[in-house]
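The values are calculated or read from the model by the stated rules, or taken from the named source; none is laboratory data. Owing to the predicted nature of the structure, the values given are computational and were not obtained by experimental measurement. Virtual Cβ from ideal backbone geometry, glycine too; neighbours counted across all protein chains shown. Ligands, DNA and RNA are excluded from the accessible area calculation, which covers all protein heavy atoms including side chains. Shrake-Rupley method; radii C 1.70, N 1.55, O 1.52, S 1.80 Å.
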Amino acid sequence: MHLSVDHDAATPPYEQIRTQIADRARSGDLPTGLKLPTVRALAEQLGLAANTVARAYRELEADGVVETHGRRGTLIAATGDTAHRLTAAAATEYAERARRLGVTRADALAAVQTALGLAYGA
């Protein structure tokens with residue numbers, strides 16, 4: 001698996017790693033079940049601190065892109081179902097919080113549309 005990090009970029013190295021792995025997992029370039037390099041091995045390959053790679057792996061796991069299985073290592077997860085499940089859970093949590101705060105449905109939806117516009121650059 002080849003990844004690259006631009007040390008001069010404004011985007012932090014852990015985010016560059018996270019994005020590359022997530023994008024390649026979603027596209028199928030990194031198939032479900034593929035074992036990723038160890039944190040130490042990838043850090044050495046990229047010339048980074050192990051904590052930088054560990055942070056990228058933690059965020060990928062939180063997003064459901066990878067699964068960590070102790071001695072078996074870190075594997076690419078079946079992201080389709082996981083991504084939809086995590087998105088639905090986040091949407092439910094947001095909707096419940098907006099209701100508790102007394103925000104109208106229209107205002108809550110407008111906030112989501114604004115956030116999505118910012119996130120997706122539209």
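Remarks
- Screening Leu30, Leu75, Leu48 for residues that are assigned to a strand (DSSP E or B) and open to solvent by less than 70 Å² (accessible area, probe 1.4 Å) leaves exactly one candidate, Leu75.
- Residue check, Ala41 assigned to a helix (DSSP H, G or I) and open to solvent by less than 30 Å² (accessible area, probe 1.4 Å): no
- Some residue of region 59-71 being free of Cβ contacts under 8 Å to residues at least 40 places away in the same chain, within 25 Å of Ala115 (Cβ to Cβ), open to solvent by less than 90 Å² (accessible area, probe 1.4 Å) and in a helix (DSSP H, G or I): yes
- Cβ-Cβ under 9 Å pairs, at least 6 apart or on other chains, region 89-112 side without any contact (Cβ under 8 Å) to a residue 24 or more places away in the chain, far side among the hydroxyl-bearing types (Ser, Thr, Tyr) and surrounded by 10 or more Cβ atoms within 10 Å (Cβ to Cβ): Ala98/Thr104; Ala108/Tyr94; Ala111/Tyr94; Val112/Tyr94
- Annotation note: Cβ proximity below 9 Å between a residue of region 1-26 that is at pLDDT below 95 and in a helix (DSSP H, G or I) and a residue that is polar (S, T, N, Q) and surrounded by 11 or more Cβ atoms within 10 Å (Cβ to Cβ) (sequence gap 6+ or interchain) occurs for Ala22/Thr79; Ala25/Thr32; Ala25/Thr79; Arg26/Thr79.
- Hey, Ala22 within 14 Å of the chain's Cα centre (by Cα) and crowded, with 18+ Cβ neighbours inside 10 Å or not: yes
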